[in-house]
Amino acid sequence: MLRIAPSVLSADFGSLAEAVGSVAPEADWLHVDVMDGHFVPNLTIGPPVVRSLRRHSDLFFDCHLMITNPGEYLEAFRHAGADGCTVHVEVGETSALLAEAKALGLRAGLAVNPETPYDAIDPFLAEADLILCMTVHPGFGGQAFMAEVLPKIARVRAELDRRGLGAELEVDGGIDEDTAGAVVRAGARVLVAGSAIFGDAHPGTAARRIRLAGAKALAEAT
Ligand code: DX5
Ligand code: ZN
């Protein structure tokens, strides 16, 4: 199954509820980028915004925590209405963070930056509900897709399948209708897209185009 997760990072923060509504019919999940100005050089959304959005949407909230100390905020995000929280392997304490997220009833995700090797996440594949391979350097929307991450995506897919693990495999960064095919062929099944969706005059239509491109690649690959 292929999932499209529009990233609100590229939406108009002055009209977030409207932006989410515009894409909801074509979205499987809503990707919410949380940045702390420390793990990445940008500041974005915290639990209060998630709580506000929750009142306007029933979508699965896929919160991507680009923060140094996610353990201090998992509970707050859960109470605000997050469905899944993804922490970065680069911040450490991975097993404890994934266990805490699961204990809170969250879908526990593990993200890996483009330059971080596959070996860093290998020990945690069985502990995570989702693996997120970044295909740009985290921090900003609208960057160019990094094709050099494709072998790592393929490696994660191969290992998940080989070990019979059911974790979702998500990609994030530079995904549009032109790059969707390559990441799906590599094994990704959840596609995050920000600027390609909210930078379009018709976000729902843009999300649908990405889904069609991904679905085509999936049909050819299986
Ligand atoms: C970047 C964020 C992404 C971002 C992707 O650090 O994690 O979710 O919104 O934006 P695009 O799709 O524009 O690359
Ligand atoms: Zn993200």
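Show the residues, 5+ positions off or on another chain, whose built amide H is closer than 5 Å to the amide H of R107. The answer is G84, C85.
Shown here: the stretch 101-215, whose C-alpha atoms stretch 41, 32, 28 Å along the first, second and third principal axes, sorted largest to smallest. From largest to smallest, the equivalent ellipsoid semi-axes obtained for the chain from the alpha-carbon gyration tensor read 23, 22, 15 Å. Residues whose amide H comes within less than 5 Å of that of E168, counting only those at least five positions distant or on another chain, are L130, I131 (H built at 1.01 Å from N in the peptide plane). Using R₀ = 22 Å, calculate the FRET efficiency as 1/(1 + (r/R₀)^6) where r is the Cβ-Cβ separation of Q143 and T205; round to 0.05. Efficiency, from the Cβ-Cβ distance: 0.45. Based on Cα contacts under 8 Å between residues 6+ apart, the chain shows a relative contact order of 21 percent. Peptides 185-196, 96-107, ordered by how many other C-beta atoms sit within 10 Å of their residues on average, highest first, read 185-196, 96-107. The Cα atoms of the stretch 1-126 define a convex hull whose projected area, averaged across directions, is 8.0 nm². Based on protein heavy atoms only, the stretch 3-54 ends up with 39 Å² per residue of surface accessible to a 1.4 Å probe. Structural descriptor for the stretch 107-187: relative contact order 34 percent, calculated from alpha carbon pairs under 8 angstrom and at least 6 residues apart.
Among residues other than R107 with Cβ under 10 Å from its Cβ, the summed charge is -3 (Lys and Arg +1, Asp and Glu -1). With R₀ fixed at 30 Å, the C-beta to C-beta distance from D178 to T222 puts the FRET efficiency at about 0.90. Near H88, the amide H atoms lying under 5 Å from its own belong to I67, A111; only residues 5 or more places off or on other chains count, and H is placed 1.01 Å from N. Taking max minus min of the alpha-carbon positions on each principal axis, the stretch 163-222 gives extents of 42, 21, 15 Å, largest first. Peptides 170-176, 27-33 ranked from most to least packed, by the mean per-residue count of other Cβ atoms within 10 Å: 170-176, 27-33. Each residue of the stretch 185-193 is assigned a 3J(HN,Hα), and the resulting list reads 4, 6, x, 6, 10, 10, 10, 8, 8 Hz, derived from the Karplus form 6.51 cos²θ - 1.76 cosθ + 1.60 (θ = phi - 60°), x at Gly and Pro.
3J(HN,Hα) along the stretch 55-65, derived from phi through the Karplus expression 6.51 cos²θ - 1.76 cosθ + 1.60 where θ = phi - 60°, amounts to 6, 10, 8, 9, 4, 5, 8, 9, 8, 9, 8 Hz, with x in place of Gly and Pro. When the Cα positions of G71, V8, P25 are compared along the charge dipole of the chain, P25 comes out farthest toward the positive end, with charges on each C-beta of Lys, Arg, Asp and Glu.
Computed about its Cα centre, the charge dipole of the stretch 74-222 is approximately 520 debye, with only Lys, Arg, Asp and Glu carrying charge at their Cβ. Surface composition of the stretch 1-117: carbon plus sulfur atoms contribute 50% of the solvent-accessible area (1.4 Å probe, protein chains only, all chains present).
The values are calculated or read from the model by the stated rules, or taken from the named source; none is laboratory data. Quantities reported herein were computed from a predicted structural model and do not represent experimental measurements. Don't worry about glycine lacking a Cβ; one is built from the backbone with ideal geometry, like all the others, and counts go over all protein chains shown. These area figures cover heavy atoms from the full protein model, side chains too; ligands, DNA and RNA do not enter into them. Shrake-Rupley method; radii C 1.70, N 1.55, O 1.52, S 1.80 Å.
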